[in-house]
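S.K.: My questions all concern the structure below.
We did not get these values from a lab; they are worked out from the coordinates using the rules stated. Note that this is a predicted model, so its numbers are computed, not measured. For neighbour counting, all protein chains shown are included, and Cβ atoms are generated from backbone atoms with ideal geometry for every residue, glycine included.
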């Protein structure tokens, strides 16, 4: 199975005032694209648009595998996303949350598989309801959510937010591995502890893109 | 990011997953269940105290009791059923759900949960209502058919409206205002069929109207689910 290609074509977004960003275009087949910019530049909104969770004011997103554009349903499972406003059911445990989201997405959920996914992000207390989780534990669960359906492309918004040193190292490892096999888009204000991105897209008055390696 | 071999679930299994999740949440927190049953118990107590078994002449009892029963069921439902989608927005989980599941799957699962909740309300409140008002039901089977058909229509419309209003302000007021014109065509035949059931008759015409309403409401909800929830 070939890897995914993400194409952003002249994306613009505005709410009630001036455009948040305008005419953002890029093509990403593999590797890491870091989206940077000041607070409020539209990084989170851009990732939501790429994930299909928000609509652009103009432009479009095309996500394709071997030239064939994915349907909306395929995009749901093929593109993993996690962001700071991703929340979980507070009454349920981490394992129950992940199990539910897998079934709702149309995949079976086996307990061993779910526990392995939680172990991989350093969550080893499946008995506690999510409402008792710390900020860092919630962030680890967001990373597990993004990778829950073994996606072909990953979009991560501030993936290191709230994590301790072990968590930051683990997530940096996930990002590097994901970038080796498919496209990864990161939104981050600070790239210091993340793997070096292949390209950087700086959102601002002029959307500038440059390679780093 | 290698893809693992997994079984794929169909529409009904995915919808049941949503229903089971809602049930698990509700059983742990008991917000909707507690408010619905408290409302129903209070309403039955007040109605039985105000009207009582002897407050009405015998010939008026069937009509008044049927109307009071459906008012009770409607407002009990209006207390709990709209929470289906509103809760997703309150907890911030709507984003994750929209990411992974199409609106029609979520709507179907939440409708089934609301229908089960409605049947639980009816299973407790109808016998209590009949006992306290000494209301004899001539045809319990006909009444059960009315409750099932009326309950399904009420659940479908309430759940769909819940998806529509979930991100609006003043949700509770909006729900009652919007649901009134949509649910009157359901409540009138339901009351008519309940009157006949209490007299021991199986009223075919109102039941056919209820069946048609349920079919139309289910089709409309199916077709509009994505627009209501995802956009």
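S.K.: Compute the length gained on full extension between residue B:220 and residue B:67: take 0.36 nm times their separation in residues and subtract their Cα-Cα distance, giving the result in nm to one decimal.
M.R.: Working it through step by step, the gained length comes to 52.4 nm.
S.K.: Going by how many other beta carbons lie within 10 Å of each one, how would you line up B:70, B:229, fewest first?
M.R.: Ranked by crowding around the Cβ, least crowded first: B:70, B:229.
S.K.: Using just the helices of the protein assembly as shown, give the 222 nm mean residue ellipticity in deg cm²/dmol: DSSP H runs with n ≥ 4 each add -39,500 (n - 2.57), and the total is spread over all residues, rounded to 500.
M.R.: For the protein assembly as shown, the value works out to -19000 deg cm²/dmol.
S.K.: Sticking with this one: Among the DSSP beta bridges whose two residues both lie in chain A, what percent are antiparallel, rounded to the nearest 5?
M.R.: That works out to approximately 55 percent antiparallel.
S.K.: Another question about this same structure. Take the stretch A:102-213, compute every pairwise Cα distance, and split them into 10 Å bins from 0; I just need the percent in each bin.
M.R.: 12, 42, 32, 12, 2
S.K.: Taking beta carbons within 10 Å but only from partner chains, what does the mean come to for residues A:48-57?
M.R.: That average works out to 2.
S.K.: Please give the helix B:31-50 orientation as an angle from the longest Cα principal axis of chain B, in degrees from 0 to 90, rounded to the nearest 10.
M.R.: So the helix axis and the longest Cα principal axis differ by about 10 degrees.
S.K.: If R0 is 25 Å, what FRET efficiency do you get for residue A:10 and residue A:202 from their C-beta distance, rounded to 0.05?
M.R.: 0.90
S.K.: How far apart, in nm, are the 7 Å Cα→Cβ label points at residue B:199 and residue A:189?
M.R.: The answer from the label model is 7.2 nm.
S.K.: Give the average, rounded to an integer, of partner chain Cβ atoms located within 10 angstrom of each Cβ in A:90-103.
M.R.: Counting other chains' Cβ atoms within 10 Å and averaging over A:90-103 gives 4.
S.K.: Quick one: angle between helix A:111-120 and the longest Cα principal axis of chain A, in degrees between 0 and 90, rounded to 10, please.
M.R.: It is inclined by approximately 60 degrees.
S.K.: Also, quick follow-up: So, in Å, what gap is there between the alpha-carbon centers of the stretch B:84-105 and the stretch A:121-161?
M.R.: So the separation of the two Cα centres works out to 18 Å.
S.K.: Turning to a different aspect of this structure: Between residue B:13 and residue B:56, what FRET efficiency follows from the Cβ-Cβ distance if R0 is 41 Å, with the result rounded to 0.05?
M.R.: With R0 = 41 Å, the Cβ-Cβ based efficiency is 0.25.
S.K.: Per-residue mean of other chain beta-carbon atoms within 10 angstrom of the beta-carbon, peptide B:94-107?
M.R.: 6
S.K.: Mind ranking B:100-110, B:142-152, A:128-138 by how tightly packed they are, going by the mean number of other C-beta atoms within 10 angstrom, highest first?
M.R.: Sorting B:100-110, B:142-152, A:128-138 by mean packing, highest first, produces B:100-110, B:142-152, A:128-138.
S.K.: Find the Cα radius of gyration of the stretch B:13-137, compare it with 2.2 N^0.38 Å by division, and give the number to two decimals.
M.R.: 1.28
S.K.: At a threshold of 8 angstrom on Cα-Cα distance, excluding pairs fewer than six apart, so keeping six or more, what relative contact order does the stretch A:1-106 reach in percent?
M.R.: 28
S.K.: Continuing with the same structure: How big is chain B along each principal axis, measuring the range of its Cα positions in Å and listing the largest first?
M.R.: 73, 33, 31
S.K.: Note the angle between two axes, namely the Cα long axis of helix A:165-181 and the longest principal axis of the Cα atoms of chain A, as a number of degrees from 0 to 90, rounded to the nearest 10.
M.R.: 60
S.K.: Taking 7 Å along the Cα-to-C-beta vector as the label spot, tell me the residue A:58-residue B:128 distance in nanometres, rounded to one decimal.
M.R.: Output for this residue pair reads 6.0 nm.
S.K.: Right, another one. Round to the nearest 0.05 the FRET efficiency obtained for residue B:182 and residue B:27 when R0 = 41 Å and r is the Cβ-Cβ distance.
M.R.: Using R0 = 41 Å, I get an efficiency of 0.90.
S.K.: Follow-up. Just need log10 I(q)/I(0) for chain A at q = 0.11, 0.14 Å⁻¹, Debye formula, equal scatterers on the alpha-carbon atoms, no solvent, rounded to two decimals.
M.R.: Treating every Cα as an identical point scatterer, log10 I(q)/I(0) equals -0.51, -0.84.
S.K.: According to a simple spin-label model (label point 7 Å from Cα along Cα-to-Cβ), what is the distance in nm between residue B:211 and residue B:119?
M.R.: For residue B:119 paired with residue B:211, the spin-label model returns 1.9 nm.
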